[in-house]
1. Output the number of residues of region 365-392 satisfying the condition of being surrounded by fewer than 18 Cβ atoms within 10 Å (Cβ to Cβ) and within 21 Å of Lys304 (Cα to Cα).
2. Does any residue in region 161-177 that is farther than 15 Å from Thr232 by Cβ and of a type in the set (A, V, I, L, M) come within less than 7 Å, Cβ to Cβ, of a residue that is more than 16 Å from the ligand (Cβ to nearest atom) and modelled with pLDDT of 95 or more six or more places away or on a different chain, and which pairs are these?
3. Any idea how many residues of region 411-428 are under 14 Å from Ile401 (Cβ atoms) and of a type in the set (S, T, N, Q)?
4. Consider Ala308 carefully, then state whether it is within 16 Å of the ligand (Cβ to nearest atom), assigned to a helix (DSSP H, G or I) and open to solvent by less than 60 Å² (accessible area, probe 1.4 Å).
5. Please verify whether region 395-415 includes one or more residues that are in contact (Cβ under 8 Å) with a residue 12 or more places away in the chain, on the phi > 0 side of the Ramachandran plot, within 16 Å of the ligand (Cβ to nearest atom) and open to solvent by less than 30 Å² (accessible area, probe 1.4 Å).
6. Would you point out which residue out of Asp178, Asp152 is modelled with pLDDT under 95 and open to solvent by 10 Å² or more (accessible area, probe 1.4 Å)?
7. Just checking, does region 380-387 include any residue being in contact with a Pro (Cβ under 9 Å, 6 or more places away or on another chain), in a helix (DSSP H, G or I) and within 30 Å of Asp460 (Cβ to Cβ)?
8. Could you grab the pairs with beta carbons closer than 6 Å, sequence gap of 6+ or different chains, first residue in region 296-316 and within 17 Å of Asn106 (Cα to Cα) and basic (Lys, Arg), second one part of a loop (DSSP other than H, G, I, E, B) and near the ligand (Cβ under 10 Å from one of its atoms)?
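The values are calculated or read from the model by the stated rules, or taken from the named source; none is laboratory data. Computed from a predicted structure; not experimentally measured. Neighbour counts run over all protein chains shown; Cβ positions are idealised from the backbone, glycine included. What goes into the accessible areas is simple: the full protein's heavy atoms, side chains included, and nothing from ligands, DNA or RNA. Shrake-Rupley method; radii C 1.70, N 1.55, O 1.52, S 1.80 Å.
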Amino acid sequence: MINEFVKRNISKLPPQIVTIIEKNMKRIPFINNRINKEIDSVMEGLEESMKPYRKTHETFSTLPLEGRSREDILREMEELNKKEESKWKEGYVSGAVYHGDKEHINFLNKVYAISSQSNPLHSDLWPSASKYEAEIISMTSDMLGARYSESDICGCVTSGGTESILLAMKTYRDYAEDKKGIKKPEMIVPVTAHAAFDKASEYFKIKMRHIPVDSNYMADVEAVKNAITRNTIVIVGSAPTFPHGTIDPIDDLSELARENNIGFHTDACLGGFVLPWAKKLGYDIPNFDFWLKGVTSISADTHKYGYAAKGTSVVMYRNEELRHYQYFTASDWPGGLYFSPTFAGSRAGALSASCWASLLSIGEKGYIYATKKIMDSAKIIKNGIQDISELYILGKPLWVIAFGSDEIDIYRVMDFMTKKGWSLNGLHKPSCIHIAVTLRHTQEGVAQRFIKDLKEAVVDVKNKPASQDGMAPIYGMAATLPTRGVVSDILKKYLDSYYRV
Ligand SMILES: *Cc1c(COP(=O)(O)O)cnc(C)c1O
């Protein structure tokens, strides 16, 4: 393995030097060939598992001359769906499908079908789209502290958490330039915040200032304080974080932002539709929403614990003035007066319609009940992990539970769980894996089955030698600093394979 070669030779050098070596190493044909061979062999395995239907189903790389019959198409799609749904239905998957009950899905599908032609870009044709979206934003922000706030909390429906975050960061950039003349904007973001913030930094050329977390995996307030400069446009905190499910000290962080006249974004993509209800149920939930005066924007994903179909999220702002910096308008385009609130032009009004229907049909009591079930199952899982002496839980999570080990390779534990049918999330820095508990895991016996399989996994990893397949070797490689660039190449090639027929 090139991995071993690199480890032995240069991994002990300082990172700056390693980066230079890595760059130059790739220029040496012999080493470059070795790296490429290594990548190719990893890719081959990955592509095979990504494209199982190449062997079993006809591939269409060009349009069929005659259209296929609708029945035929439906039959094939039903067949593929059958193969794919049992895993998440039976609760083997971390996150991904957050509700998943048949009646709920059928209801959302019906709603989608009713509105499938709707496009909020043409709100004159579909005023219902405006009704649905305005009410989604109002219901969501009311839940997140708007009712206790004197400000005119407002927002937009977006296509997902990433779009909500990208839009908020763009908004702060444009606001700061216009109001404060900041030309070299910087954002202060804990390392545990979602990668969408790094994406925003890259897309919008906002300098990223990453902040470390403390031993509880919460953002280090002192470090944030020290990172503030006159170019800081926004500070970010998560409620909770995606990796470890911990809630940053939003109270202190947002106050720091307010004192310095900087924006503060709470990323409640994961927790927006859980934390308010967990609080009502008596869980010790710190303030994280618009109740805090320093919080100037929040993202909350309706397509996660709002139980809507994939494709909606809400980004909220403290006032309309701020929201204006998100909007796009074109007043001299020959195509007419044009304006759109989010990144997309035309959008699926049906997604907003089914999101609205999801919120309405579940209602406050429904969300509280769902949250209670999730917390109860999470408790079983947390206790079960704590009983396994080789494993430990990172931080103090509520329902997104990350765990690692000082004794065994946690990625091999993940690989064993994968073979048992589970689909967990691999995390790193530090090495761990997590399960985001959803309503799927609240079904009879699922949490117990998870712990039973996990115990078996630990025993297996302790007693058997490591194999070369699965994710463990890839995470091993990602952990080796000098090969980070190589890992990035692999990820890009992975995306290339996704698009190969
Ligand atoms: C899921 C998630 C996001 C991103 O959401 P997408 O809907 O996948 O774009 C952002 N932040 C957190 C904390 C999340 O869990």
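1. Total satisfying the criteria: 8.
2. Leu167/Gln326
3. 1
4. Working: within 16 Å of the ligand (Cβ to nearest atom): yes; assigned to a helix (DSSP H, G or I): no; open to solvent by less than 60 Å² (accessible area, probe 1.4 Å): yes.
No; evaluated as a whole, the condition is false for this residue.
5. So in region 395-415, the residues in contact (Cβ under 8 Å) with a residue 12 or more places away in the chain come out as 395-415.
Cutting the leftovers down to on the phi > 0 side of the Ramachandran plot gives us 395.
Next, only the ones that are within 16 Å of the ligand (Cβ to nearest atom) stay: 395.
With open to solvent by less than 30 Å² (accessible area, probe 1.4 Å) added as a condition, the list becomes 395.
Yes, region 395-415 has at least one match.
6. Working: Asp178 fails: modelled with pLDDT under 95.
Of Asp178, Asp152, the one residue that is modelled with pLDDT under 95 and open to solvent by 10 Å² or more (accessible area, probe 1.4 Å) is Asp152.
7. Of the residues in region 380-387, the ones in contact with a Pro (Cβ under 9 Å, 6 or more places away or on another chain) are 382.
Of the ones still in play, those that are also in a helix (DSSP H, G or I) are 382.
Now narrow it down to the ones that are within 30 Å of Asp460 (Cβ to Cβ): 382.
Yes: region 380-387 contains one or more residues that are in contact with a Pro (Cβ under 9 Å, 6 or more places away or on another chain), in a helix (DSSP H, G or I) and within 30 Å of Asp460 (Cβ to Cβ).
8. Once the first residue is within 17 Å of Asn106 (Cα to Cα) and basic (Lys, Arg) and sits in region 296-316, its partners that are part of a loop (DSSP other than H, G, I, E, B) and near the ligand (Cβ under 10 Å from one of its atoms) give Lys310/His303.
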